[in-house]
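A.B. asks: My structure is below; once you've seen it, I'll send some questions.
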Amino acid sequence: MDRKVLLESATRLDGRKLLALFTVVVATILIDSEVGVVSDFIPEKISSSAGISLFVCTAIIFAISGFFILSYVKQIGKESGATILHLNRTHKLVTVVQYALVAIIAFVVLQIVVTLQYNTFSLALTISISYGLWIMTMALLARAFYSWYKSIAYRSESQSKILILILGFSMVAYVTNGIFLIANYLV
């Protein structure tokens with residue numbers, strides 16, 4: 001597919017198409033997760049042509065859907081004129097990370113298709129980049145909630161302040177969780 005055609009399709013996403021896209025992504029994630037859980041029990045099936053085809057299809061779905069979602073978020077950001085959290089710079093960073101992850105996964109797919117093996121360093125790099133982006137995003141959200149809390153601290157109801165504070169602490173908990181998870185996966 002041509003990049004221009006994909007970009008035009010992504011900018012025309014409406015609520016129904018976006019719901020369909022997210023349904024496909026969630027279904028793919030569920031299938032991928034379940035295969036990952038049982039993969040130790042069915043190594044012959046995973047390394048068969050059907051297992052490799054499933055992996056390749058999953059990678060393609062994630063690459064294409066990621067592109068659509070990024071394009072949609074960019075469109076929404078432009079329409080809303082949002083400048084919160086340096087949205088434009090954050091979007092550019094996420095886009096670069098997404099392309100890097102797609103390139104690494106494409107390299108892994110190529111390795112699997114050609115040699116029926118893959119380099120675990122590529123997967124460790126993918127995990128590091130993914131979790132690093134997740135940690136950064138959650139840290140930005142925590143900072144946003146803290147700023148929001150500070151801006152309404154003296155003029156709002158205590159119930160609203162408590163809710164915002166809880167959301168901010170939740171983001172801090174996600175950051176902490178991400179740091180421990182990446183350390184656990186890489187060790």
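A.B. asks: Among Tyr131, Tyr154, Tyr174, determine the one that fluctuates most according to a GNM of the chain built with springs between C-alpha atoms less than 10 Å apart.
C.D. replies: With Cα springs under 10 Å in the chain, the top fluctuation among Tyr131, Tyr154, Tyr174 is at Tyr154.
A.B. asks: When a/c reaches 1.5 or more, the comparison of a/b and b/c decides; with that in mind, is the stretch 49-178 rounded, prolate or oblate per its Cα gyration tensor?
C.D. replies: Taking the square roots of the gyration eigenvalues as a ≥ b ≥ c, the stretch 49-178 is prolate.
A.B. asks: Evaluate the relative contact order of the chain (contact order divided by residue number), counting alpha-carbon pairs under 8 angstrom at least 6 apart; express in whole percent.
C.D. replies: 18 percent
A.B. asks: Using 0.36 nm per residue of separation minus the Cα-Cα distance, give me the extension gain between Ser158 and Ile127 in nm, one decimal.
C.D. replies: 7.2 nm
A.B. asks: Suppose only helical runs count, i.e. DSSP H with n ≥ 4. What mean residue ellipticity at 222 nm does that imply for the chain under -39500 (n - 2.57) per run, divided by all residues and rounded to the nearest 500 deg cm²/dmol?
C.D. replies: -30000 deg cm²/dmol
A.B. asks: How long is the gain from Ile42 to Val114 if the chain were fully straight, where each residue apart is worth 0.36 nm and the alpha carbon distance is subtracted?
C.D. replies: Contour length minus Cα-Cα distance gives 23.8 nm.
A.B. asks: Let me ask you something else. In nanometres, what is the gap between the two model label sites at Arg143 and Ala50, each 7 Å from Cα along Cα-to-Cβ?
C.D. replies: Simple spin-label model gives 4.9 nm for this pair.
A.B. asks: Where a ≥ b ≥ c are the square roots of the eigenvalues of the C-alpha gyration tensor, would you call the stretch 142-187 rounded, which needs a/c under 1.5, or, failing that, prolate if a/b is larger than b/c, or oblate?
C.D. replies: prolate
A.B. asks: Note the angle between two axes, namely the Cα long axis of helix 15-38 and the longest principal axis of the Cα atoms of the chain, as a number of degrees from 0 to 90, rounded to the nearest 10.
C.D. replies: 60 degrees
A.B. asks: Treating the beta-carbon of each Lys and Arg as +1 and of each Asp and Glu as -1, no other charges, what is the dipole magnitude of the chain about its Cα centre, to the nearest 20 debye?
C.D. replies: 820 debye
A.B. asks: Identify which of Tyr149, Tyr72, Tyr99 has the largest mean-square fluctuation in a Gaussian network model of the chain, with springs joining Cα atoms closer than 10 Å.
C.D. replies: Looking only at Tyr149, Tyr72, Tyr99, the largest GNM fluctuation is found for Tyr149.
A.B. asks: Would you count, across the chain, every pair of lysines whose alpha carbons are under 22 angstrom apart, provided the pair is eight or more residues apart or spans two chains?
C.D. replies: For the chain, the number of qualifying lysine pairs is 9.
A short reminder: the numbers here are calculations on the coordinates, not readings from a lab. Everything numeric here is computed off the predicted structure, so don't read it as measured data. Cβ sites come from the backbone with ideal geometry, for glycine too, and all protein chains shown count toward neighbours.
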